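Structure, as structure tokens:
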Amino acid sequence: MFRDLNAFMLDKDRELARINEPVSPNLEICAVTDKVSKSPGGGPALLFENPAGFDMPVAINLYGSMKRMCMALGVKSLEDLAREIEELTNPKMPAGMLDTLKMLPMLGRLKDLMPKTVSSAPCQEVVKKDGTLDEIPILTCWPEDGGPYITLPMVFTKDPETGMRNIGTYRMQVYDGRTTGMHWQRHKGGAQHYRIAERMGKRLDVAVALGADPALPFAATAPMPEGLDELLLAGFLRRERVELVKCVTVDLEVPATAQIVLEGYVEPGERQREGPFGDHTGFYSHPDDYPVFHITCVTHRKNPIYLTTVVGIPPMEDYFLGKASERIFLPLIKKTVPEIVDMNFPAEGIFHNIVIISIDKRYPGHARKIMNAVWGLGQLMFSKAIIVVDKDIDVQNLSEVAWVVGTHIDPERDIQFMTGPVDDLEDASDLAAYGSKMGIDATRKWKSEGFMRPWPTRIRTTEAAARKADEIWARIRQGWKA
Ligand SMILES: Cc1cc2nc3c(=O)[nH]c(=O)nc-3n(C[C@H](O)[C@H](O)[C@H](O)COP(=O)(O)O)c2cc1C
Ligand SMILES: [Mn+2]
């Protein structure tokens, strides 16, 4: 695994493009990154060595391809990772010596889960108690943005009552050198800690780590169930315990390998206008009031690199972070909903607008049960359209899904509406964070579900004819130009 961001960026696999000419953090870096993100496969990682007006380089699009997302998590494919998690959660009881030996590497991965605290750390090579944000080339992404935003922070807080840690990625609008917005939405872990702190009338310590070994920023974006420390996931992914160091001015620990750490607090009751921000919906999100983060100390490595990202009209870098969560959490979701076979959050659906799920349908009304389960599962509660198909449909093949939805549904019968919490970024609901969702049952309908006509048979040729077709097509394809 990569020890830190520097090691990840040194990878010589032609995955990193260095841009030496001056490029402005004001709109220009975002425009270049957007262009690169829209190229086939997501384009290379980018290192802007000379952001105009700053001495600190900007690293971006590091997670912006399937290959680099896998590299960041130390696997060849996300399927491999999903399989490992599946095995871990489904241990076969060892029958003999050989089986016991086979289990050892898997159990080995579990011993690295708990983070450990170290006494000195690269992220504190430089400590500035009166530090500001002024040296960091924070991007202004889109023309109508309310200002520059820190877009890929790992925001560390602790539950003021239990001391349980949470890490989330919540954008931070720069107000001045020592204060920013703290855009944790109401459904998120940081917001819950703040709610408790406000109830107690207490300040909430917050530490923000920027850049670390590549599994960490991913873990901060992952939808871990409430109360489960994101660092357990990071430790599992890195196959090594995460090293933490105590902050200088607040009662929190941060990753020792971070590039930059902002220490500070949010006050109970304090709010400031946040936004607008060109968001991952592809539209500007409306200004709203959010808590204010006050910086008490800035620590960093010697010669830090600023790791960031940009969001906008999909696909962009965040699509790959979401894909990794989709694959990692599928085997865990199957623990409570084992009839789920596969799921797909297509890029155009910005994670939660379109959720396609295939199931092993076992009883009448099964698709409805799946919808209800998904609407009750953590951040999947935001699923605006859930499409349920039978297990022989490949949910990763959008053409097949569109065909099956069109042919299999009787809209009045097969669409289920539900009212409840919706994503904070939802623009179409009448109220903020409260609206409706829809489930589409595109499975084959059964007699026991009231469908009395015969279900049509899918067209397929015979195996013999298919083999013949393969042979002849292979021959004619050579001399044929499409
Ligand atoms: C690039 C990026 C930016 C994000 N910005 C925000 C944000 O500003 N506010 C927010 O609540 N969630 C944001 N998220 C989503 C959260 O990081 C995600 O829901 C995470 O699981 C929250 O963790 P939590 O459950 O511990 O709060 C962002 C995700 C990504 C990938
Ligand atoms: Mn969390």
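The values are calculated or read from the model by the stated rules, or taken from the named source; none is laboratory data. As the structure is a prediction and not an experimental result, all values here were calculated from the model. Reconstructed Cβ throughout: ideal geometry from the backbone, glycine too, with neighbour counts over all protein chains shown. Keep in mind that these areas ignore ligands, DNA and RNA; they rest on the heavy atoms of the full protein, side chains included. Shrake-Rupley method; radii C 1.70, N 1.55, O 1.52, S 1.80 Å.
For the stretch 225-235, which residues satisfy the criterion of being among the aliphatic types (A, V, I, L, M) and open to solvent by 10 Å² or more (accessible area, probe 1.4 Å)?
Filtering the stretch 225-235 down to residues among the aliphatic types (A, V, I, L, M) leaves 228, 231-234.
Across the stretch 225-235, the qualifying residues are LEU228, LEU232, LEU233.
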Quiz item: So how many residues does the stretch 92-107 have that are within 21 Å of GLU240 (Cα to Cα) and open to solvent by less than 100 Å² (accessible area, probe 1.4 Å)?
Solution: 6
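Pick from VAL155, VAL127: which is closer than 24 Å to ASN6 by Cβ, touching a Cys at 6+ places or on another chain (Cβ under 8 Å) and hydrophobic (A, V, I, L, M, F, W, C)? Give the derivation first.
Details: VAL155 fails: touching a Cys at 6+ places or on another chain (Cβ under 8 Å).
Going through VAL155, VAL127 in turn, the sole match is VAL127.
Could you check how many residues of the stretch 411-435 are open to solvent by 70 Å² or more (accessible area, probe 1.4 Å) and not in a helix (DSSP H, G or I)?
Residues of the stretch 411-435 open to solvent by 70 Å² or more (accessible area, probe 1.4 Å): 411-413, 417, 419, 427-428, 430-432, 434.
Retained after the next criterion (residues that are not in a helix (DSSP H, G or I)): 417, 419, 427-428, 430-432, 434.
Total satisfying the criteria: 8.
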Quiz item: Of all the residues that make up the stretch 119-142, how many are surrounded by 20 or more Cβ atoms within 10 Å (Cβ to Cβ) and either acidic (Asp, Glu) or in contact with a His (Cβ under 7 Å, 6 or more places away or on another chain) (or both)?
Solution: 1
Exercise. Search the stretch 184-199 for residues being in contact (Cβ under 8 Å) with a residue 60 or more places away in the chain and away from ligand 1 (no atom under 14 Å from the Cβ), and hand back the single one that is least open to solvent (accessible area, probe 1.4 Å).
Key: ALA197
Quiz item: Has the stretch 173-183 got any residue that is acidic (Asp, Glu), in a strand (DSSP E or B) and surrounded by 18 or more Cβ atoms within 10 Å (Cβ to Cβ)?
Solution: no
Quiz item: Inside the stretch 465-482, can you point out the residues that are open to solvent by 60 Å² or more (accessible area, probe 1.4 Å) and among the small types (Gly, Ala, Ser)?
Solution: GLY479, ALA482
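Taking the stretch 17-30, which residues are in a helix (DSSP H, G or I) and open to solvent by 60 Å² or more (accessible area, probe 1.4 Å)?
Start the filter on the stretch 17-30 by keeping residues that are in a helix (DSSP H, G or I), which leaves 28-30.
Of everything in the stretch 17-30, just one residue is in a helix (DSSP H, G or I) and open to solvent by 60 Å² or more (accessible area, probe 1.4 Å), namely GLU28.
Restricting attention to the stretch 33-49, and to residues there that are in contact with a strand residue (DSSP E or B) (Cβ under 9 Å, 6 or more places away or on another chain) and in a helix (DSSP H, G or I), which single residue is farthest from ILE136 (Cα to Cα)?
As a first pass, look at the stretch 33-49 and keep what is in contact with a strand residue (DSSP E or B) (Cβ under 9 Å, 6 or more places away or on another chain): 33, 36, 43-49.
Now restrict to residues that are in a helix (DSSP H, G or I): 33, 36.
Details: THR33: 18, VAL36: 23 Å.
Ranking the qualifying residues of the stretch 33-49, first place goes to VAL36.
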Practice problem: Of the numbered conditions (1) closer than 25 Å to LYS128 by Cα; (2) within 11 Å of ligand 2 (Cβ to nearest atom), GLY189 fails exactly one; give the number of that condition. | Solution: (1)
Quiz prompt | Sole residue being at pLDDT below 95, crowded, with 18+ Cβ neighbours inside 10 Å and within 30 Å of ASP80 (Cα to Cα), chosen from ARG165, ARG238 | solution = ARG238
Exercise. Would you mention how many residues in the stretch 263-292 are exposed (fewer than 15 other Cβ atoms within 10 Å of the Cβ) and either among the basic types (Lys, Arg) or over 24 Å from ASP159 (Cα atoms) (or both)?
Key: 6
Practice problem: With the condition kept exactly as written, say whether any residue in the stretch 444-458 is aliphatic (A, V, I, L, M), within 30 Å of PRO364 (Cβ to Cβ) and surrounded by fewer than 10 Cβ atoms within 10 Å (Cβ to Cβ). | Solution: yes
